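The numbers here are math on the coordinates, done by the rules we state, and not lab data. Worth saying up front: this structure is predicted, and the values here are computed from it rather than measured. Virtual Cβ from ideal backbone geometry, glycine too; neighbours counted across all protein chains shown.
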Amino acid sequence: MDYKTIMVGLALDRPNDAILKVAGDLAERFGARIIGVAASDIRPPMYFADGDFAQKLLDQEASAIESRLSELEAEFHAAVGKRAAAVEWRAARTLSVPYVLQQARAADLLVVGARSETLVDPNAAPDPSDLVMQAGRPLIVVPPTNEWLDLRSVLVAWKDVREARRAVFDALPILAAAKEVTIAEIAEQDGHRADALWHVVDVAAWLRGHGIAANTIVPDRVGRVTEQIEQIASNIGAGVVIAGAYGHSRFREWVLSGVTRHLATESRRCAFLSR
């Protein structure tokens, strides 16, 4: 199994160099095509604006959005045009997350930039936290400092739940391309380490059936999962962390677990997230 179509979501309010480089790297590795997507909608005019003045503001913003989307299209083609089997551009004047969610049907994998803000402007960029919970496709979240998809060492942050099983399956092409794979589980309560050891051994055996050798780690220390995952990733020099996206709906809003939130917003390395 390989990724045949990579979709990359561009931001209007910041550089897209990192995500375009990672998307291009993926396309070269897997002989894939790339679809670039971007969207932004007109913000409501200021409350004191009305009549012709309000319409003038709306027209100016619509023109600015169209201009920025054209700039992004040119940037996209220049960055990945020679790295992918084929390229396609899709853009619209609408909110970014609903638009990217609709377009995700055409892709195997989404690539977006990490966003450290608590609230992401829906007119500027797709929020990776929203996408990973709703897209039905795996997501690679790229920090702005990354220059490429470093697969020399890959960490699987395991938890024995459905989301982790889905993530590891979706990441098989990444795992097969990695030079070294490590599976780690953090026991969250005292007395659960033996179970965790059994879990990672089973996952390693399953990966061997796919021709992928993997190391296993279960620290003696209990709890502080996000901190320990980050420490293990640093120790092994992981360029990518693979994890299930855990969360639940509260008042119709997705609330992510600490690990998922960290990987989607704060990690210094690429995160492969799936649900």
(Q) About the Cα centre, and with charges only on the beta carbon of Lys, Arg (+1) and Asp, Glu (-1), how big is the dipole of the chain? Nearest 20 debye, please. (A) 680 debye
Q) Quick one: helix 225-236 against the long Cα principal axis of the chain, what's the angle to the nearest 10°, folded into 0 to 90? A) 80 degrees
Q: Compare Asp127, Asp13, Asp41 in a GNM of the chain, Cα atoms joined below 10 Å, and give the one with the largest fluctuation.
A: Asp13
**Q.** Hz values of 3J(HN,Hα) by residue in the range 135-145 - Karplus curve (6.51, -1.76, 1.60), Gly and Pro given as x
**A.** 6, x, 9, x, 10, 10, 9, 10, x, x, 8
Q: Mind checking which of Ala86, Trp206, Ala114 is farthest towards the positive end of the chain's charge dipole, using Cβ charges of +1 (Lys, Arg) and -1 (Asp, Glu) about the Cα centre?
A: Trp206
Q. What area, in nm² and to one decimal, does the C-alpha convex hull of the range 157-275 cast on average over all directions?
A. 7.3 nm²
(Q) Restricting things to Cα coordinates, could you compute the convex hull volume per residue of the chain in Å³? (A) 126 Å³
Q: Scan the range 89-183 for chymotrypsin sites (Phe, Trp or Tyr not before Pro) in coil per DSSP, keeping those whose Cβ has at most 16 other Cβ atoms within 10 Å, and list them by number.
A: Trp148
Q | Over 28 Å between alpha carbons, listed pairs Lys82/Lys179; Lys21/Lys159; Lys21/Lys56 | A | Lys21/Lys159; Lys21/Lys56
Q) From the phi of every residue in the range 80-89, what ³J(HN,Hα) in whole Hz does the Karplus formula 6.51 cos²θ - 1.76 cosθ + 1.60 yield, where θ is phi - 60° and glycine or proline is x? A) 10, x, 9, 9, 10, 4, 6, 10, 8, 10
